[in-house]
Amino acid sequence: MEQTTATVRGEGAARRGGGRWAKTLSHFHPASTVTAEQADDYYLRVHTRFARHFLRGMDQVVSYHTNRAEAGYDLLGGWERPPSAFRYVVLRFRPGRGLEPTEELREAIVADHRLFLRELRSFQVDEEVLLDRLDGQTALEKYLFEFDRRDGTDPREAREHLAAGLAVLAEEASSAFGIRQVLVNHVLGEQETAPVDEPGQRPLPRMLPGTRRQAFLECYFDQREWAEDFFARPAVRAVLQDRFWAAANGHRVTEQCGLDRR
């Protein structure tokens, strides 16, 4: 399929509203009291259905997407590594807004968290559109990467190092077949949580004083084999497996849309 109208460095954001929204990106692990499959079964049958219905009634909520990690990025640039993550959640809000739950809703969410999750980590992010070739597609393959700074690394130094790597990815993507969109999510802060039965089951209405998480990268492709071609490129591997980072983990994910008003 011929691909044109590539857009880089934020121009596509203006076309579809991206980059204007407030955005959060969260991840969690299954509760230790259930298996991963039991946690996911409950999450899909009950929790996400509950979330879709209350989010539908919140005018400030722009979009809600869930992602299940299926495979991890390996040393050869393939996807044969077991995933180190479980579930990601991506929410967009109108500018200056957030989830803003009532106290009753907040407590209902916490009670439900106790049944299936632990170690919830939620990040406020600033979305940058690195590449945009979306043009009517209705199904895509998604890949998600996360980057953590080493202790003592200045956030500004890390931002500059990340920018150099993103320039390489943008150049590689410009000649890649089947790639549709690359979003860079620069972390602004991490929400504080408290334990209930296990760590990270209660989100608190304040941010941590600091976080080592630098950014998330979301990549969309037409087909899995085009993604495999791209991620196996030596220049791409060098950026995504850069030893500058304390952790640079990538996952092939299955994304589902719960709500999208863009």
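The values are calculated or read from the model by the stated rules, or taken from the named source; none is laboratory data. Because the structure is predicted, anything quoted here is derived from the model rather than measured. Neighbour counts run over all protein chains shown; Cβ positions are idealised from the backbone, glycine included. For accessibility, only protein heavy atoms count, side chains too; no ligands or nucleic acids. Shrake-Rupley method; radii C 1.70, N 1.55, O 1.52, S 1.80 Å.
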task = Scan segment 111-159 for residues that are among the basic types (Lys, Arg), in contact with a Phe, Trp or Tyr (Cβ under 8 Å, 6 or more places away or on another chain) and open to solvent by less than 20 Å² (accessible area, probe 1.4 Å) and jot them down.
result = Lys142
task = State whether the residues of segment 171-194 include one that is over 22 Å from Asp135 (Cα atoms), of a type in the set (Ser, Thr, Tyr) and open to solvent by 40 Å² or more (accessible area, probe 1.4 Å).
result = yes
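Keeping to segment 172-219, report how many residues are assigned to a loop (DSSP other than H, G, I, E, B) and of a type in the set (Asp, Glu).
Within segment 172-219, the first condition is being assigned to a loop (DSSP other than H, G, I, E, B), and the residues that meet it are 175-178, 195-201, 208-212.
Filter once more, so that each one left must be of a type in the set (Asp, Glu): 197-198.
Counting residues in segment 172-219 that are assigned to a loop (DSSP other than H, G, I, E, B) and of a type in the set (Asp, Glu) gives 2.
Output the number of residues of segment 57-83 satisfying the condition of being assigned to a strand (DSSP E or B), farther than 22 Å from His29 by Cβ and open to solvent by 40 Å² or more (accessible area, probe 1.4 Å).
Initial filter on segment 57-83 (assigned to a strand (DSSP E or B)): 61-72, 81.
Subsequent filtering for residues that are farther than 22 Å from His29 by Cβ retains 61-63.
Narrowing further to those that are open to solvent by 40 Å² or more (accessible area, probe 1.4 Å): none.
Result for segment 57-83: 0.
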